[in-house]
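Heads up: the structure comes next, in structure tokens.
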Amino acid sequence: MVTAVIGLVGTADLGETNTLTLCKNAKDDAKFGTLGTIPESLKAIRAQDGTRGSALVFVVKVAQHDASLTPAEIVGAVDATGTRTGLQLFATALSQFGFEPMIYIVPRYSAIGAVKQALVAITNQNESMAYIDAPDGDTFDEMIASRGNGGDFATLNDGQKLLFPHFLIPNPEFVEELPPTIPNPEYDAENNNTVSQEIPNPDYQPKYLTVPMSAFAAGLRAKIDLEEGWHASSSNHAFTGVEGMDVNLTFSLGDTTCEANMLNAAGITTAVNLYGLGIVEWGNYSAGFPGNTNTEAFECVRRTRAIMKRAIQQACIPFIDKPFIKANVDAIRNTVNQYLNGLVSQGKIVYGQCFYRPESNPLNELALGHLTFDIDFTPALPMQRLTFTYKIDLSQLSNIQ
């Protein structure tokens, strides 16, 4: 089953507007030019490519790169003729291509109220994930407060991953020799006037650009799906193409009061610079945590269940409308159990079993041709906390010769 699939909405200087376009590689990405949030995001996604392929990205351009974009254009609509725009176009992906996005991103716009709520609605409906960026410029304190009662991100749930801070990436236009300021020709040193001695250099470009984390995180998630499997958490995996973060966070392994771990405790995914390992994603929980402390709050557990459901439903399509006889019930159960056994052998789940139970199938439902199969499974949980205990054993001193 195809899972490394991203849904991207944004702006670009090229490409058709409000058309669902599948980009499989950098050649396809070139259709959208070089300016706007779409080219910027596609570049970040491709930077995470590994040895097992690249993410599939469904792209919807809603405006030109230099246009004044409104939330309504991003959210989109469905008119009386069935024509769709914006985020609503992704609902056609499955029927057109046979697969649909598992991760939705709208870099630079996802924190806007209407866009955020549209992403919540989509992920609630199809059990996918939306990666939502914190507003550019937010501080650590503002992010923690945003998760409290009345905060901008207080109502996010298990279907969203809230990302903070923004990343710093190299600016290709930066020139080392160009100073950030130049002498002001209007300054009169003799008369000691009040005009500034220096003015900004119009040709100067900063060394780093500030970009949202969501495209990098989506590309990393796709890479992990392809190389390790959709059951593995994104946390503690390194990003490519990132030089730093726009907010310096304190971090220490095992320290629950450091800023990175405090963000995690508030259901916010962040990034940390691990010495010798680079900048890695940090945090296993979706934004449903800490309101939901069950295993479903782990992003990888939510994705495990969603992907299993899609695969099982697809595998059982041939049995729909077949006669209700024991042989067909057994065939369905065996088909599902064979799939679950495969996941166990691959290490994607710990246990899985499909049952046809009489108590789940009352006669009135069977009379309507409605059968229910119960699936019990144990997901592979992330080992996010390791504790070691230490005991001094003095008895070994006697063994010294």
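Since every read-out is calculated from the coordinates, none of them should be taken as a lab result. Fair warning: this is a prediction, and the values are worked out from it, not measured in the lab. Neighbour counts are summed over all protein chains in view; Cβ atoms, including those assigned to glycine, are modelled from backbone coordinates with ideal geometry.
When ranked by the protection proxy of mean other Cβ atoms within 10 Å per residue, highest first, what sequence do the peptides 242-250, 354-362, 158-166 form? Walk me through the numbers before you get to the answer.
On the way: 242-250: 15.9, 354-362: 12.3, 158-166: 26.3.
Put in order of decreasing packing, that is 158-166, 242-250, 354-362.
Taking N as the number of residues in segment 232-313, what is its Cα Rg relative to 2.2 N^0.38 Å?
After normalising by residue count via 2.2 N^0.38 Å, the value is 1.23.
Take each of the peptides 324-333, 14-23, average the number of other beta-carbon atoms within 10 Å over its residues, and list them starting from the highest.
On the way: 324-333: 12.8, 14-23: 16.4.
Packing proxy ranking, top to bottom: 14-23, 324-333.
Suppose a student asked you for the relative contact order of the chain, using Cα pairs under 8 Å spaced at least 6 residues apart; what percent would you report? Please report the intermediate quantities before stating the final value.
Values: 727 pairs, mean separation 55.0, N = 401.
It comes to 14 percent, rounded to a whole number.
What is the distance, in nm, between label points placed 7 Å from the Cα along the Cα-to-Cβ direction at Ile199 and at Thr257?
Placing both labels 7 Å along Cα→Cβ, they lie 5.1 nm apart.
Using alpha carbons only, how many angstrom separate the centre of segment 261-311 from the centre of segment 100-162?
14
Could you put Glu365, Glu100 in order, starting from the residue whose Cβ has the fewest other Cβ atoms within 10 Å?
Glu365, Glu100
With a 10 Å radius around each residue's Cβ, average the other Cβ atoms per peptide and rank 368-375, 386-393, highest first.
Details: 368-375: 12.4, 386-393: 5.0.
The densest-packed peptide leads the list: 368-375, 386-393.
For an R0 of 41 angstrom, estimate the FRET efficiency from the Cβ-Cβ distance between Lys391 and Asn341 and round to the nearest 0.05. Let's see the in-between values first.
Working: r = 41 Å, r/R0 = 1.01.
My answer for the efficiency is 0.50.
Assuming 0.36 nm per residue, please report the length gained on full extension of the stretch Ser398 to Phe319 beyond their Cα-Cα distance. Before the final figure, lay out each step's value.
Working: separation 79, 0.36 × 79 = 28.44 nm, distance 7.16 nm.
Gain on stretching Ser398 to Phe319: 21.3 nm.
Could you check the simple spin-label distance between Asn334 and Ala311, using points 7 Å along Cα→Cβ, in nm with one decimal?
Placing both labels 7 Å along Cα→Cβ, they lie 2.0 nm apart.
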